[in-house]
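Shown next, in structure tokens, is the structure this report addresses.
The values are calculated or read from the model by the stated rules, or taken from the named source; none is laboratory data. Everything numeric in this text was worked out from a predicted model, so none of it was measured. Ideal geometry is used to build each Cβ from the backbone, glycine not excepted, and the neighbour counts take in all protein chains shown. Calculation scope for accessible area: heavy atoms of the full protein, side chains included, ligands and nucleic acids excluded. Shrake-Rupley method; radii C 1.70, N 1.55, O 1.52, S 1.80 Å.
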Amino acid sequence: MNENALYEAIFKRKSIRDYDPKPIDSNHLEEISTNLQSLKPMVKGIKTEFMIISPNQVTRKFSNKAPHFIAVFSEAKDAYKVNIGFMLQQMDLYFSSNGLGSCWLGIPQPTNDVVDSSDLEFIILMSFGNSKEALHRTNVSEFKRKLLSDITNIKDADELLEPARLAPSAVNMQNWYFTGNKSAIHAYSYRAGFARTFVGGSYYSVNMGIALYHLQLAGQHFGWKTKFVFDKSKDKSPSKNLDYIATVERAFNL
Ligand SMILES: Cc1cc2nc3c(=O)[nH]c(=O)nc-3n(C[C@H](O)[C@H](O)[C@H](O)COP(=O)(O)O)c2cc1C
């Protein structure tokens, strides 16, 4: 995948919900399958599986007429849902930068046959196909997002945190907060309250992985070599409502 194009897609992508129901051409579908096998993990050593499935293998999809869906499965290990957010966001940006629409889907579910066909835990779906609506935003002001000052107290890393700010999240919760500095950014997630555990709260970890992928891609774009560290001792949580997720370190000797 062309990482420059993925980086540029951060500033124009949007969730697509109106599709041409016709399947996309088979060459493109093959390229997508190949890409699904080469997604970069955030956490090494977690087994994952990405299956392309068809509309008749998805329930509760309401008016979503997408011709294709990706069903994602993972081994249940530390930070596995963050890892899935990080991996599948690579596809969301790939679709947007290759003329196709996509949408993360937490509400629709795969049929039992699909779920039973994997030994791993089912995590989430993503729809994709040719879009019937405009594929891109033309201005960053079209993103409905919190202000940068609401999601971080870091003053010298806007080029990394602005891409994280624009990340998609379930129910647009944007449950992230960043502290530290340009060399070590600590990522936290707001804790989902009781009501939120039913509406989007179960995807807080996935959302964190999505934002961390945007952050890492931006770091790479600006010549950083980044490394993720999961070290609770780095937790300097600025509030009781925030759970430490990971630290993004600038690494000099990768
Ligand atoms: C983990 C996750 C689950 C989502 N589930 C759904 C869903 O079930 N249905 C839907 O229409 N959109 C879903 N979305 C899309 C969000 O509503 C959307 O990303 C958010 O409102 C921001 O809008 P944007 O993606 O157009 O920037 C989901 C997004 C994420 C990241």
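Phi angles of region 134-148 translate, via the Karplus equation with coefficients 6.51, -1.76, 1.60 and θ = phi - 60°, into HN-Hα couplings of 4, 6, 10, 7, 9, 8, 4, 5, 6, 6, 8, 9, 5, 6, 4 Hz per residue; Gly and Pro are given as x. Per-residue Karplus couplings for region 111-125, computed as 6.51 cos²θ - 1.76 cosθ + 1.60 with θ equal to phi - 60°, are listed in order as 5, 4, 4, 5, 4, 6, 7, 10, 7, 9, 7, 6, 10, 6, 10 Hz, Gly and Pro entered as x.
Here region 25-174 is treated with +1 on each Lys and Arg Cβ and -1 on each Asp and Glu Cβ, and its dipole about the Cα centre works out to around 420 debye.
Given a cut-off of 19 Å, name the pairs among 47/236; 14/146; 144/240; 12/65; 44/225; 182/227 whose C-alpha atoms lie farther apart than that in the structure shown.
On the way: 47/236 31 Å; 14/146 16 Å; 144/240 26 Å; 12/65 22 Å; 44/225 17 Å; 182/227 13 Å.
Check vs 19 Å cut-off fails for 47/236; 144/240; 12/65.
For the peptides 29-38, 83-92, residues were scored by their other Cβ atoms within 10 Å and the scores averaged per peptide; the highest-first order is 83-92, 29-38.
What relative contact order, as a whole-number percentage, does region 144-250 give when Cα pairs under 8 Å and 6 or more residues apart are counted? Write down the numbers at each step before the final one.
On the way: 171 pairs, mean separation 33.0, N = 107.
Relative contact order, region 144-250: 31 percent.
Peptides 240-247, 204-211 ranked from most to least packed give 204-211, 240-247, packing being the mean of other C-beta atoms within 10 angstrom over each peptide's residues.
Projecting the Cα atoms of 2, 94, 83 onto the charge dipole of the chain (Cβ charges, centred on the Cα centre) puts 83 farthest toward the positive pole.
Report note on the peptides 215-221, 144-150: ranked by the mean count of other C-beta atoms within 10 Å, highest first, their order is 215-221, 144-150.
Rounded to the nearest whole Å², what accessible area per residue is found for region 34-79 with the 1.4 Å probe? Working shown, then result.
Numbers: 2500 Å² over 46 residues.
Averaged over the residues of region 34-79, the accessible area is 54 Å².
Between the helical axis of 204-221 and the longest alpha-carbon principal axis of the chain there is an angle of about 70 degrees.
With the convex hull built on the Cα atoms of the chain, state its orientation-averaged projected area in nm². Write down the numbers at each step before the final one.
On the way: hull surface 54.4 nm².
Directional mean of the projected Cα hull area for the chain stands at 13.6 nm².
With a ≥ b ≥ c the root eigenvalues of the C-alpha gyration tensor of region 81-217, is it rounded (a/c under 1.5), prolate (a/b larger than b/c) or oblate? Taking the square roots of the gyration eigenvalues as a ≥ b ≥ c, region 81-217 is oblate. The angle between the Cα long axis of helix 80-97 and the main principal axis of the chain comes to about 60°, on a 0 to 90 degree scale.
Under a Cβ-Cβ cut-off of 11 Å, what is the net charge of the residues other than residue 144 that fall near it, where Lys and Arg count +1 and Asp and Glu count -1? Show your work: numbers first, answer last.
On the way: positive: 14, 137, 145, 146; negative: 142.
Result for the neighbourhood of residue 144: +3.
Given Cβ point charges of +1 (Lys, Arg) and -1 (Asp, Glu) and nothing else, what value in debye, to the nearest 20, does the dipole of the chain about its Cα centre take? Intermediate values should be presented prior to the final figure.
Details: 30 positive and 26 negative charges, 165 e Å.
Taking the Cα centre of the chain as origin, the dipole is about 800 debye.
Summarising the amide proton neighbourhood of residue 111: residues at separation of 5 or more, or on other chains, whose placed amide H is nearer than 5 Å comprise 58, 59.
Dividing the helix sum by the residues of the chain, where each DSSP H run of 4 or more adds -39500 (n - 2.57), gives a mean residue ellipticity at 222 nm of -8500 deg cm²/dmol.
For residue 245, the residues whose amide H sits under 5 Å from its own are 187, 188, 189, ignoring neighbours fewer than 5 places away on the same chain, with H placed 1.01 Å from N. As an equivalent ellipsoid, region 43-135 spans semi-axes of 22, 17, 9 angstrom, where each value is the square root of five times an eigenvalue of the C-alpha gyration tensor, largest first.
Each Cα pair under 8 Å and six or more residues apart adds its separation to the average, and for the chain the resulting relative contact order is 22 percent.
Projected onto the charge dipole of region 130-188 (+1 at Lys/Arg Cβ, -1 at Asp/Glu Cβ, origin at the Cα centre), which of 160, 140, 184 gives the Cα projection farthest towards the positive end? The Cα lying farthest towards the positive end belongs to 140. Working note: Karplus 6.51/-1.76/1.60 with θ = phi - 60° gives region 183-192 the couplings 8, 8, 9, 9, 9, 10, 10, 4, 7, 6 Hz, where Gly and Pro are set to x. With each label modelled as a point 7 angstrom along the Cα→C-beta vector, the residue 236-residue 116 pair spans 5.3 nm.
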